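One structure is given below, encoded as structure tokens.
None of the figures in this text is laboratory data; all of them are computed from the coordinates on show. These numbers come from a predicted model, not from an experiment. Note that we place each Cβ from the backbone using ideal geometry, even for glycine, and neighbour counts take in every protein chain shown.
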Amino acid sequence: MPRLPLFACLSLLIAWPLPLLAQTTAAPGERGVLGVTVLLTDLQHPWSMAFLPAQQGLLITERPGRLRLMDAQGALSAPLSGVPQVYARGQGGLLDVALPPDFAEERWVYLAYAEAGEDGQAGTAVGRGRLAADNRGLEDFSVIFRQQPKLSSGTHFGARLVFDGAGYLFITLGENNQRSTAQDLDKLQGKVVRLYADGRVPADNPFVGQAGTRGEIWSYGHRNPQGAALNPRTGQLWTHEHGPRGGDEINIPQAGKNYGWPLATHGVNYSLLAIPEAQGKTLAGTEPPHHVWAKSPAISGMAFYDAERFAQWQNSLFIGALADQALLRLELDGDRVVSEERLLQGRNARIRDVRQGPDGYLYVLTDAANGQLLRLGLQAQ
């Protein structure tokens, strides 16, 4: 497989010694000059990434159904074996990848993906397999969760995975473009669910044991949540979701709470007509957004910044924007969003995912048939 030219990284300050590529650019920002390095090109609609510990590399998913590994020298592997077959239509395919806190012991790799049903409809599934000793494939892959019923014809799968500090697995689930299902507690559309790492349902989930409900549910009334991360300061789960036309929002999901969709929304239909079920921007008995955009950036991916490398980015939350083709930096005062800066504008790139690397840099995936992996940092002015 062709590779871009590499040159050695000489800085002893970088904890994860990825080589730099020759394609490095800089642009001014509110907090310094943004340095952008292209690490990989020709990725086919990359969707997510996860850093392996001990400088073993970076796992990257490609939506058509491939899992790749970039090693510490910058080389991109062939597709790993043992990955499940995915429903690669519309927004579906191989989506998120995540590692549990105890990865070093069992080497489990978790994948979220769109899975076809017998009737041609699809839903989100999550499974896990052990990363082989040679890092070339997943072994003993098994499905631990399936969204039921399967209602998607190719849209709104959600599918971000987050492990909390206690080892619980949170999964964000879109409503498959079937609006009313987000309010149905007997369905897994438009929900955030909480499971044990092996897929079992915790007994203290809010709806366990209640008739006509799914015990997996943690929160409900979500549209299509494609961003999720733990706030390192509080340990709380944050999520964000696509609104319709307008009304993209950030939430801090609490057990058993209703986040409103489609009964409450700041957006309208793409036709500019009102959402039929909507009763206003807010509604008694539902939780208002923690933060909302009146005009949708089309948000995807989420990362809190808590590294020491770039002090200017401390207390920041980074979110990708697909439609607005930018990386959003939200400055936080506690949990409150106090300002927004837009990075990477002018590159004509849909930002699908963003992660903080072990070296304190930001890593970004662009969503395209020739998608890229970028590394971002601040340079002295």
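Here are some notes:
- The phi torsions of the range 55-65, fed into the Karplus equation with coefficients 6.51, -1.76 and 1.60 and a -60° offset, translate into couplings of 6, 7, x, 10, 7, 9, 9, 10, 4, x, x Hz, rounded to whole numbers, with Gly and Pro shown as x.
- For the chain, built as a Gaussian network whose Cα springs stay under 10 Å, the top-fluctuating residue of 367, 353, 184: 184
- Of all segments of the chain bounded by GluC sites (Glu not before Pro) found in a DSSP loop with no more than 13 other C-beta atoms within 10 Å, the longest spans 119-307.
- Taking every C-alpha pair closer than 8 Å and separated by at least 6 residues, the mean separation divided by the residue count of the range 329-381 gives a relative contact order of 21 percent.
- The residues packed around residue 315, meaning those with a beta-carbon under 10 Å from its beta-carbon, carry a net charge of -2 if Lys and Arg are +1 and Asp and Glu are -1.
- Candidates 101, 262, 84: whichever shows maximal mean-square fluctuation once the chain is modelled as a Gaussian network with Cα springs under 10 Å: 101
- Among 350, 200, 309, 194, sorting on how many other beta-carbon atoms sit within 10 Å of each Cβ, with the fewest leading, yields 200, 309, 350, 194.
- Annotated for the chain: lysine pairs at least 8 residues apart or interchain, Cα distance under 21 Å, count 7.
- Helix-only mean residue ellipticity at 222 nm for the chain, each DSSP H run of n ≥ 4 adding -39500 (n - 2.57), per residue, nearest 500: 0 deg cm²/dmol
- Taking the Cα centre of the range 6-379 as reference, the dipole from Cβ charges on Lys and Arg (+1) and Asp and Glu (-1) amounts to some 560 debye.
- Cα-based convex hull volume of the chain per residue, rounded to whole Å³: 139 Å³
- Residue by residue, the range 205-210 carries 3J(HN,Hα) couplings of 4, x, 10, 4, x, 8 Hz when phi is fed to the Karplus relation 6.51 cos²θ - 1.76 cosθ + 1.60 (θ = phi - 60°); x denotes Gly or Pro.
- The GNM of the chain, with springs linking C-alpha atoms under 10 angstrom apart, assigns the highest mean-square fluctuation among 134, 198, 335 to 134.
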